[in-house]
Amino acid sequence: MPDLSVVIPVYLAEACLQALHERLIVVLQSLGLSYEIIFIEDHGPDNSWAVLVGLAERDPQVRCYQLSRNFGQHAAITAGLSQSLGSYVVVMDCDLQDPPEAIPQLVQQAKAGNDVVLAKRKEKQHSFFRRLSASLYFRLMNQLTRQNLNGKYGSFSLISRKVVNAFLRVGDVNRHYLFIVQWLGFATTDIEYVHAERYSGESSYTLKKLIQHALQGLFFQTTVLLHWIVYLGFASAIAGILVAIFLIYQYMLHAGLPGWTSLAVLILVMSGLILICIGVVGSYLGKIFEQVQGRPVFIIDKSSPGEPAI
């Protein structure tokens, strides 16, 4: 049983895998711990799987698995955790924006008695628009969930074996690694590191995917929005009663009112609110349907030679 496992989800990373492996080996050997490196290839369209198999053939500490289709980053992380054997597990991205040289700091904090060690970016190497939108998103999430989520944290982290076991017991189909880890509630600390430039290529998270990811976190990590719909319904009902009283008052004083523009506007506004509320409730029902189907979060299709899936 290794002391340390490093879990790395891989997607469109063919150009940086060799460099990532070389830097990881230098860092991990300097720790004096037994280790394993687990790559989970998320069925990307490039040649990443062939590169990973080559790494596994040359390095016995490398274990590789390929998912049957593209399940997404957080499902790939879950797959890696399910295959890991280490007493501690480091989770990191494959694009070298999470520097392997920060792993000794994570291990040091874990040995000090922390079950979860998060890595906080001193400054994100992203566009101003993406940093601003992320900041606003996490502010909104904190208001909705009453938690202290920080947009400077990413998936780069270290968790102990008991946290891994607890994480794997969570059966959410729609999952976010960091949200689940923080929800588990184990002793947590953090380190700071410099967020590096991407080694090669561009992020696979397009604007559309980022919006979908944000909406999934906003809708399906909390039920507060359902409560807000109830509040909105009461507010609309009270507003409708007040408008009705006003119209009756105007009718008593001035008989009929010329034109009904205000009525048309009210109908349009209320119809829009009703459709939005139905859409939100329908989205929750759709996710409930996905959850009760009981389908697995991931399916492993291939493994590197000599590495059967656990």
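The values are calculated or read from the model by the stated rules, or taken from the named source; none is laboratory data. Nothing here was measured: the structure is a model prediction, and the numbers come from that model. Ideal geometry is used to build each Cβ from the backbone, glycine not excepted, and the neighbour counts take in all protein chains shown.
Computed values, structure above
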{"quantity": "Residue in region 46-59 that is under 20 Å from the mean Cα position of the chain (by Cα), modelled with pLDDT under 95 and of a type outside the set (Gly, Ala, Ser) present", "calculated": "no"}
{"quantity": "Condition broken by Leu118, with the remaining ones in (1) outside any loop (DSSP other than H, G, I, E, B); (2) over 18 Å from His74 (Cα atoms); (3) modelled with pLDDT of 85 or more satisfied", "calculated": "(2)"}
{"quantity": "So Arg198, is it charged (D, E, K, R), surrounded by 14 or more Cβ atoms within 10 Å (Cβ to Cβ), outside any helix (DSSP H, G or I) and at pLDDT below 75", "calculated": "yes"}
{"quantity": "Qualifying position, being among the hydroxyl-bearing types (Ser, Thr, Tyr), buried (at least 20 other Cβ atoms within 10 Å of the Cβ) and under 19 Å from Leu168 (Cβ atoms), among Tyr65, Tyr11, Tyr35", "calculated": "Tyr65"}
{"quantity": "Evaluation of Ala134 against (1) at pLDDT 95 or above; (2) over 24 Å from Arg169 (Cα atoms) (one fails), failing number", "calculated": "(1)"}
{"quantity": "Pair list, Cβ under 9 Å, 6 or more apart: region 43-60 residue under 10 Å from Pro305 (Cα atoms), other residue part of a loop (DSSP other than H, G, I, E, B)", "calculated": "Val53/Ser304; Val53/Pro305; Ala56/Ser304; Ala56/Pro305; Ala56/Gly306; Ala56/Glu307; Glu57/Ser304; Glu57/Pro305"}
{"quantity": "Meets criteria (closer than 18 Å to Ala13 by Cβ and in a helix (DSSP H, G or I)) for Gly54", "calculated": "yes"}
{"quantity": "Selection count where residues are among the aromatic types (Phe, Trp, Tyr) and either surrounded by fewer than 16 Cβ atoms within 10 Å (Cβ to Cβ) or more than 23 Å from Cys64 (Cα to Cα) (or both), scope region 287-308", "calculated": "1"}
{"quantity": "Single residue of region 87-115 satisfying the filter (in contact with a Pro (Cβ under 8 Å, 6 or more places away or on another chain) and either assigned to a helix (DSSP H, G or I) or at pLDDT below 95 (or both)) that is surrounded by the fewest Cβ atoms within 10 Å (Cβ to Cβ)", "calculated": "Asp93"}
